[in-house]
Amino acid sequence: MEVILKATGLRKTFALSKKQQRLEKSDKKIKVAVDGLSFEAYKGEIFGLLGPNGAGKTTTLRMLSTLIKADEGDAIVNGHSINTEPDKVRQSIGFLTSELKLEEFFTPNYLFDFFATLHGISSTECAARKKTLFERFGIDKFAEVKVANLSTGMKQKLSIAVSIAHDPEIIIFDEPTNGLDVITSKVVTDFLIDLKREGKTVILSTHIFSLAEKLCDRVGIIINGKMITCDTLQNICADTDLETRFFEIYEKEMGGQV
Ligand SMILES: Nc1ncnc2c1ncn2[C@@H]1O[C@H](COP(=O)(O)OP(=O)(O)OP(=O)(O)O)[C@@H](O)[C@H]1O
Ligand SMILES: [Mg+2]
């Protein structure tokens with residue numbers, strides 16, 4: 001199996017404001033969000049980062065996507081370092097999050113062309129990609145409707161189309177089905193399975209066990225910014241289901257406090 005992403009010793013800390021300290025119920029001025037995280041993802045697999053709220057999933061994915069800088073460590077993404085070759089990493093990945101807010105004033109047509117141009121895609125290639133993706137997601141009928149007037153599901157589908165306009169090798173997806181109804185969730189999960197069939201690599205984060213069980217080849221369980229277990233879903237769930245296994249690992253890690 002070919003390693004397409006290798007993270008080594010990733011660490012990220014955040015300075016906490018007074019308000020955040022109150023929320024965290026801590027007088028520490030610094031929060032260690034990701035604490036020396038290492039893992040590998042193989043080409044053509046769906047890899048899931050699984051962990052409770054605040055475990056460090058989003059921070060990890062943001063570092064891998066070069067949206068924020070790691071304090072320590074590095075990751076080689078499709079042969080490029082997130083520290084020294086962030087532009088090349090960005091060409092190799094599509095980063096998606098359910099929190100992505102598309103500019104409401106613009107139309108799908110305009111936004112797709114805009115992001116494709118940012119990635120330096122030729123107009124012919126852009127038109128072909130747009131046709132395929134808009135048809136795949138049923139955006140074609142709404143191509144000239146302002147984002148403000150699209151449904152939540154259509155906005156999410158447009159976000160996906162725009163994020164992969166440049167046909168990246170690796171799709172990094174933070175909480176793929178967050179806030180979506182069952183119909184749109186299915187469109188999104190089916191699409192991730194299609195991407196895998198095409199040979200693309202998907203790295204996603206979730207705390208939904210059924211989603212990880214349905215989609216992932218391998219999962220990494222993150223607790224308090226540390227990778228506690230990283231293995232195939234089959235090995236992790238050899239004698240039980242993922243939820244039960246997760247709680248066993250979580251209780252052990254937290255010393256019985258759930
Ligand atoms: N910009 C920031 N400033 C301060 N603290 C932050 C910042 N971003 C994240 N954190 C903190 O870092 C920790 C990890 O956050 P992160 O968002 O990576 O967790 P997560 O696993 O994605 O959680 P969730 O399941 O809730 O999305 C949390 O305690 C969070 O409050
Ligand atoms: Mg998150």
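The values are calculated or read from the model by the stated rules, or taken from the named source; none is laboratory data. Fair warning: this is a prediction, and the values are worked out from it, not measured in the lab. So basically every Cβ, Gly included, is an ideal-geometry build from the backbone, and we count neighbours across all protein chains shown.
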*asked:* Among the residues of segment 78-90, are any touching a helix residue (DSSP H, G or I) at 6+ places or on another chain (Cβ under 6 Å) and of a type in the set (S, T, N, Q)?
replied: yes
*Filter segment 57-78 down to the residues that are of a type outside the set (A, V, I, L, M) and within 12 Å of the chain's Cα centre (by Cα), then identify the one that is nearest to ligand 2 (Cβ to nearest atom).*
Thr58
*In segment 27-40, what residues are more than 10 Å from ligand 1 (Cβ to nearest atom) and modelled with pLDDT under 95?*
Asp27, Lys28, Lys29
*So which of Leu49, Leu23 is surrounded by 20 or more Cβ atoms within 10 Å (Cβ to Cβ), within 10 Å of ligand 1 (Cβ to nearest atom) and not hydroxyl-bearing (Ser, Thr, Tyr)?*
Leu49
*What is the residue count in segment 164-182 for residues that are under 18 Å from Ile46 (Cα atoms) and buried (at least 20 other Cβ atoms within 10 Å of the Cβ)?*
10
*Restricting attention to segment 12-40, which residues are away from ligand 2 (no atom under 16 Å from the Cβ), in a strand (DSSP E or B) and of a type in the set (Gly, Ala, Ser)?*
Ala15, Gly36, Ser38
*With the condition kept exactly as written, say whether any residue in segment 147-170 is among the aliphatic types (A, V, I, L, M), under 30 Å from Gly54 (Cα atoms), modelled with pLDDT of 95 or more and within 15 Å of the chain's Cα centre (by Cα).*
yes
_Please verify whether Thr232 is within 20 Å of Ala7 (Cβ to Cβ), surrounded by fewer than 19 Cβ atoms within 10 Å (Cβ to Cβ), modelled with pLDDT of 90 or more and of a type in the set (S, T, N, Q), treating the condition exactly as stated._
yes
*asked:* Can you say whether Gly9 is out of contact with any helix residue (DSSP H, G or I) (no Cβ under 9 Å at 6 or more places or on another chain) and either part of a loop (DSSP other than H, G, I, E, B) or more than 14 Å from ligand 1 (Cβ to nearest atom) (or both), as far as the supplied structure shows?
replied: yes
*asked:* Going by what's in this entry, would Glu72 be described as within 12 Å of ligand 1 (Cβ to nearest atom) and of a type in the set (Asp, Glu)?
replied: no
_Which listed residue, of Thr229, Thr189, Thr201, Thr206, is touching a residue at least 24 places away in the same chain (Cβ under 8 Å), among the β-branched types (Val, Ile, Thr) and within 16 Å of ligand 1 (Cβ to nearest atom)_ = Thr206
*Considering (1) away from ligand 1 (no atom under 16 Å from the Cβ); (2) acidic (Asp, Glu); (3) under 19 Å from Leu211 (Cβ atoms), say which one Asp174 fails and leave the rest.*
(1)
*Test for Leu204: is it surrounded by fewer than 21 Cβ atoms within 10 Å (Cβ to Cβ) and within 16 Å of Ala41 (Cβ to Cβ)*: no
*Thr66 is checked against (1) more than 12 Å from ligand 1 (Cβ to nearest atom); (2) closer than 22 Å to Leu215 by Cα and fails just one. What number does that condition carry?*
(2)
*Which strands (runs of 3 or more DSSP E) does segment 41-107 wholly contain that include 2 or more residues that are at pLDDT below 95?*
93-97
*Being under 16 Å from the mean Cα position of the chain (by Cα) and surrounded by fewer than 17 Cβ atoms within 10 Å (Cβ to Cβ) is the filter; apply it to segment 79-100 and report the residue that is nearest to ligand 2 (Cβ to nearest atom).*
Glu99
